[in-house]
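For reference, the structure is listed below as structure tokens.
The values are calculated or read from the model by the stated rules, or taken from the named source; none is laboratory data. Because the structure is predicted, anything quoted here is derived from the model rather than measured. Every residue, glycine as well, gets a Cβ built from its backbone with ideal geometry; the counts of neighbours run over all protein chains shown. Ligands, DNA and RNA are stripped out before the accessible areas are found, and what is left, the full protein with its side chains, is counted by its heavy atoms. Shrake-Rupley method; radii C 1.70, N 1.55, O 1.52, S 1.80 Å.
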Amino acid sequence: MKKIFRYLILCFAVLMLVACGKPDSQKAFEERFKEFNSLITKQMEGADEGSKKMAEIISKATCKVNKVKEDGNNSELNVTVKAINLGKYVNEYVAAATEKYGENIPADKQEEFNQFSVDYFTNVLNDKNVEYIETEVDVQMEKSEEGWIITNPNDLVSATLGGAGSILGL
């Protein structure tokens, strides 16, 4: 009787482990999202300090997969992206920079303007009450020889930019 009971418990444990596994497309999506965040930071290594701060803000984005519908070589993931509200902060930055420097920044003020940019985005990063925006995105993925790829990246990138995608034309 004890052996049967142990066997049932072992079978139940194995079933629980199998049932808790993530679909392959979800694993691939989460990996791509992490790669995207680290790629942004890496690509800004040689850029000016203001651009580096902007990349640091963008890389703060996180995601949560709400639902996965995987059907053969196609998958749809409903994802919530939480990102710093860059739409708001970029608009405020442009307004403040325009007020201080005008429409065209004079050459003799360029260094001062660069420092203004760094200071502004550093303050956004350090603000304990920074405003976040959550955006729900339906991500389409397709399985290829290279693995799962995202076939509609623009909505995801726009959400990761925290509302600034429309400013950039996405």
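Points to keep in mind about this one:
- All conditions but one from (1) of a type outside the set (A, V, I, L, M); (2) exposed (fewer than 14 other Cβ atoms within 10 Å of the Cβ); (3) under 18 Å from residue 31 (Cα atoms) apply to residue 155; the one that does not is (2).
- Of all residues in the range 77-96 being buried (at least 18 other Cβ atoms within 10 Å of the Cβ) and of a type in the set (Val, Ile, Thr), the one that is farthest from residue 152 (Cα to Cα): 90
- Residue among 56, 31 that is within 17 Å of residue 131 (Cα to Cα), within 14 Å of the chain's Cα centre (by Cα) and of a type in the set (D, E, K, R): 56
- Summed over the range 22-45, residues that are open to solvent by 40 Å² or more (accessible area, probe 1.4 Å) and either among the basic types (Lys, Arg) or assigned to a helix (DSSP H, G or I) (or both) total 14.
- Of all residue pairs spaced 6 or more apart or on separate chains, those with beta-carbon atoms under 8 Å, a first member in the range 55-67 that is without any contact (Cβ under 8 Å) to a residue 12 or more places away in the chain and a second member that is surrounded by fewer than 21 Cβ atoms within 10 Å (Cβ to Cβ) and not in a loop (DSSP other than H, G, I, E, B) are 67/78.
- Screening the range 112-150 for residues that are closer than 26 Å to residue 80 by Cα and among the small types (Gly, Ala, Ser) and picking the one that is surrounded by the fewest Cβ atoms within 10 Å (Cβ to Cβ) gives 144.
- Every residue from the range 97-111 that is surrounded by 13 or more Cβ atoms within 10 Å (Cβ to Cβ) and assigned to a helix (DSSP H, G or I): 97, 101, 109
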